[in-house]
């Protein structure tokens, strides 16, 4: 079995990214909206899709695996920090800052031209948090701020990860790096548990902050280390059935935790629950890479899923405000799917989200990524980012 390098495009990972954003869309578009229908079956069905919020956990594991792999392969580069951060700037900031500017413009339009929707100084006073990615440390948000910018808490965690990961990979030996990653994986759930058992006003940090969510990212990095180890691949060749067994075991563990996934965040879900999801998604990631002939890997290579994964960054940022905006403009109400009109408005919002994200990818993100790749680690060492 050949060790895959980060410079090679792996279609299964695009499919996993597509799966992650699909789960988020199912949660926010079908579960979160109001459903007041009389059918108990459909009511329970739509509520069950709330589990789609775990798509964010899959994004974290993927990010740790991909970014960790890039950094591991370029850790000896003389342009290590410069190239990494310039590429990240080209990939992340233009779409994100454009989104914030549109929010400012939308606030102005709402304030002056939309009757019945009030804005206050608080809608503007928190904006300093977003350009510097510290919004995940603050719970106090206005209603409009949550609707438009609420999902960016996970982007803040990603950016904070980008500050830490390059340093530890550059300056720690691989042996010490493994020890640090294992320590993070063990300590993060304990920190979350301590927060959940402490004062209620700080419990949100267990879900929204670093280092409380660092274990998912650390697991992804640990997976990247293993994937680049000949010993790991030799172990897999000697135990060919192990990946499937581990994946099934963790899937059953997630199923057992499902009753707590639909309850308000609590100690079990916040500590063991997040960790179990992270282990499951890492097992899924490694399985589709190891067993590329499997039906599961085949699903991840499906073109629609891979294309959704390609535009997932913009989809994630814009999907919630577009959903609320479309419902307000068309129906003058919050999102609901308990009528044909509500369902059609949700469908229009979905199509608008995908269309805008596709345009963003082709005319902004893709050219900027190409420009970012002008900055290289070295002539012979230039992993894809």
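The values are calculated or read from the model by the stated rules, or taken from the named source; none is laboratory data. What you are looking at is a predicted structure, and each value in this text was computed from that prediction instead of being measured. Cβ sites come from the backbone with ideal geometry, for glycine too, and all protein chains shown count toward neighbours.
In table form, for the structure just shown:
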item: Positions within segment 234-258 being farther than 23 Å from residue 275 by Cα and either modelled with pLDDT of 95 or more or exposed (fewer than 15 other Cβ atoms within 10 Å of the Cβ) (or both), in sequence order; result: 234, 235, 237, 238, 239, 240, 241
item: Number of the exception - residue 168 against (1) within 18 Å of residue 92 (Cβ to Cβ); (2) in contact with a helix residue (DSSP H, G or I) (Cβ under 9 Å, 6 or more places away or on another chain); result: (1)
item: In segment 1-59, residue modelled with the lowest pLDDT [restricted to those that are under 14 Å from residue 319 (Cα atoms) and not in a helix (DSSP H, G or I)]; result: 33
item: Lone qualifier among 107, 167 - being assigned to a helix (DSSP H, G or I), without any contact (Cβ under 8 Å) to a residue 40 or more places away in the chain, more than 19 Å from the chain's Cα centre (by Cα) and closer than 23 Å to residue 324 by Cβ; result: 107
item: Among (1) over 16 Å from residue 154 (Cα atoms); (2) at pLDDT below 95; (3) part of a helix (DSSP H, G or I) - the single one residue 100 does not satisfy; result: (1)
item: Some residue of segment 183-193 being within 26 Å of residue 95 (Cβ to Cβ) and loosely packed, with under 14 Cβ neighbours inside 10 Å; result: no
item: Any hit, segment 202-221, residues being over 19 Å from the mean Cα position of the chain (by Cα), surrounded by fewer than 17 Cβ atoms within 10 Å (Cβ to Cβ) and part of a helix (DSSP H, G or I); result: yes
item: Among the candidates 270, 342, 309, residue that is in contact (Cβ under 8 Å) with a residue 24 or more places away in the chain, touching a strand residue (DSSP E or B) at 6+ places or on another chain (Cβ under 7 Å) and either under 30 Å from residue 200 (Cβ atoms) or part of a helix (DSSP H, G or I) (or both); result: 342
item: Counted residues, segment 64-90 - those being farther than 13 Å from residue 166 by Cβ, out of contact with any helix residue (DSSP H, G or I) (no Cβ under 6 Å at 6 or more places or on another chain) and at pLDDT 95 or above; result: 2
